[in-house]
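The values are calculated or read from the model by the stated rules, or taken from the named source; none is laboratory data. Please read all numbers here as calculations on a predicted model, not as lab measurements. All Cβ positions, glycine included, derive from the backbone under ideal geometry; neighbour counts span all protein chains shown. All accessible areas refer to the heavy atoms of the entire protein, side chains included, with ligands and DNA or RNA removed. Shrake-Rupley method; radii C 1.70, N 1.55, O 1.52, S 1.80 Å.
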Amino acid sequence: MRILDEVNHEIGSLVRAARRVAVLSGAGISAESGVPTFREVQTGLWERFSAEDLATGEAFAHDPALVWTWYRWRQSLLLQVEPNPGHSALAGWQRRLREAGGELSIATQNVDDLHERAGAEVLAHLHGSIFAHRCAECSEPAELAAPEYDGLEPPEQPEQPPACACCGSSLRPGVVWFGEMLPLKAFELTSDAIRQADLVVVVGTSGLVQPAASLPLLALERGTPLIEVNPEETEISEVMDYCLRGPSGTMLPAVAESAR
Ligand code: OAD
Ligand code: ZN
């Protein structure tokens with residue numbers, strides 16, 4: 001494992017040679033857009049809770065309004081922020097590789113849509129999408145208007161989740177909670193993309209949440225080079241060939257540019 005604070009020649013050569021790239025992203029890639037990561041301290045209504053406390057079926061069963069409002073607030077926050085240069089660099093790299101007959105596959109643990117808004121196509125949303133809702137009982141999907149509050153400030157009062165139009169039970173966010181299965185198709189598409197890649201880039205994830213955190217390990221089967229982009233050491237830094245220790249908004253443009 002080599003720890004670097006900038007893109008060097010070796011990374012440049014790997015990136016130039018790569019025809020099939022697989023990227024696994026996490027909350028850190030959206031941090032510079034102003035979206036708090038999961039392991040940051042919270043404010044307002046949620047200051048007594050960690051994000052991990054709220055992202056569970058048990059939390060929703062215990063206090064549906066608190067959990068529902070947290071996700072609606074994160075939705076409204078997302079509607080007020082923009083993709084950052086890290087997202088744009090991946091989108092541009094994907095476009096150029098496709099023009100050259102290659103592929104860059106993005107699998108994200110993020111429930112936001114910032115990769116898409118930067119112009120990228122996402123192969124898999126491993127933890128679902130925050131903009132999807134469904135019935136907590138009968139799973140019927142439901143469309144809702146954007147939340148009315150200002151996402152920069154947490155709302156003062158929690159609101160109850162609306163009722164399902166089919167069965168009257170509560171709606172829930174279309175995300176994967178701790179203890180729930182990942183969508184199988186998304187997991188399989190990501191596994192295949194990593195197995196077929198000739199370069200794997202892991203960006204902005206703590207590597208703490210399974211099974212997503214194990215996906216990059218599939219690259220070890222064929223000895224595919226692994227690059228981590230993260231300002232901090234993570235649970236999975238050890239298996240990386242290169243760790244670029246810096247923010248993705250700076251590092252990813254440099255990585256993508258080194259392909260030219
Ligand atoms: P975490 O919040 O666990 O980790 C965020 C990572 O981003 C950390 O390793 C930070 O060092 C890194 N980071 C912070 N700023 C960065 C920057 N500017 N550039 C690059 N990296 C930066 O987020 P995830 O690993 O995505 O799941 O969390 C995984 C899952 O746990 C989430 O999808 C969510 C959560 O609970 C569910 O809700 C099921
Ligand atoms: Zn229902």
Checklist line | Complete set of residues in the stretch 150-180 that are among the hydrophobic types (A, V, I, L, M, F, W, C) and at pLDDT 95 or above | finding: Ala163, Cys164, Ala165, Cys166, Cys167, Leu171, Val175, Val176, Trp177
Margin query: Consider the stretch 86-133. How many of its residues are part of a strand (DSSP E or B) and away from ligand 1 (no atom under 16 Å from the Cβ)?
Written below: 3
Margin query: Regarding the stretch 53-64, can at least one residue be identified that is among the aliphatic types (A, V, I, L, M) and closer than 22 Å to Val200 by Cβ?
Written below: no
Notebook entry, point to check: Pairs under 8 Å by beta carbon, first residue over 22 Å from Val7 (Cα atoms) and of a type in the set (Val, Ile, Thr) in the stretch 189-210, partner outside any helix (DSSP H, G or I) and open to solvent by 60 Å² or more (accessible area, probe 1.4 Å), six or more apart or different chains?
Noted result: Thr190/Leu123; Val209/Phe178
Note to self: Here is a check on your reading of the model: is Ser30 surrounded by fewer than 23 Cβ atoms within 10 Å (Cβ to Cβ), out of contact with any Lys or Arg (no Cβ under 7 Å at 6 or more places or on another chain) and small (Gly, Ala, Ser)?
What the structure shows: no
Check: In the stretch 39-55, which residues are in a helix (DSSP H, G or I) and within 27 Å of Glu235 (Cα to Cα)?
Finding: Trp46, Ala51, Glu52, Asp53, Leu54
Checklist line | Selection within the stretch 176-205 - near ligand 1 (Cβ under 8 Å from one of its atoms) and crowded, with 19+ Cβ neighbours inside 10 Å | finding: Val176, Val203, Gly204, Thr205
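Does Ala145 qualify as being over 27 Å from Pro253 (Cβ atoms), under 16 Å from the mean Cα position of the chain (by Cα) and open to solvent by 10 Å² or more (accessible area, probe 1.4 Å)?
No.
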Item checked: So Glu58, is it surrounded by fewer than 21 Cβ atoms within 10 Å (Cβ to Cβ), part of a helix (DSSP H, G or I) and outside the structural domain of Gly207 (by TED's automatic domain parsing) -> yes
Checklist line | Residue satisfying condition, being away from ligand 2 (no atom under 16 Å from the Cβ) and either touching a strand residue (DSSP E or B) at 6+ places or on another chain (Cβ under 9 Å) or closer than 22 Å to Gln80 by Cβ (or both), within set Glu153, Glu137, Glu143 | finding: Glu153
Check: Does Ala22 satisfy being open to solvent by less than 20 Å² (accessible area, probe 1.4 Å), more than 13 Å from the chain's Cα centre (by Cα) and within 11 Å of ligand 1 (Cβ to nearest atom)?
Finding: no
Item checked: Subset of the stretch 82-101 (residues that are open to solvent by less than 30 Å² (accessible area, probe 1.4 Å) and either not aliphatic (A, V, I, L, M) or not assigned by TED's automatic domain parsing to the domain that holds His115 (or both)) -> Asn84, Gly86, His87, Gly92, Trp93, Gln94
Checklist line | Filtered residues of the stretch 7-19 (kept if loosely packed, with under 12 Cβ neighbours inside 10 Å and touching a residue at least 60 places away in the same chain (Cβ under 8 Å)) | finding: Arg16, Ala17
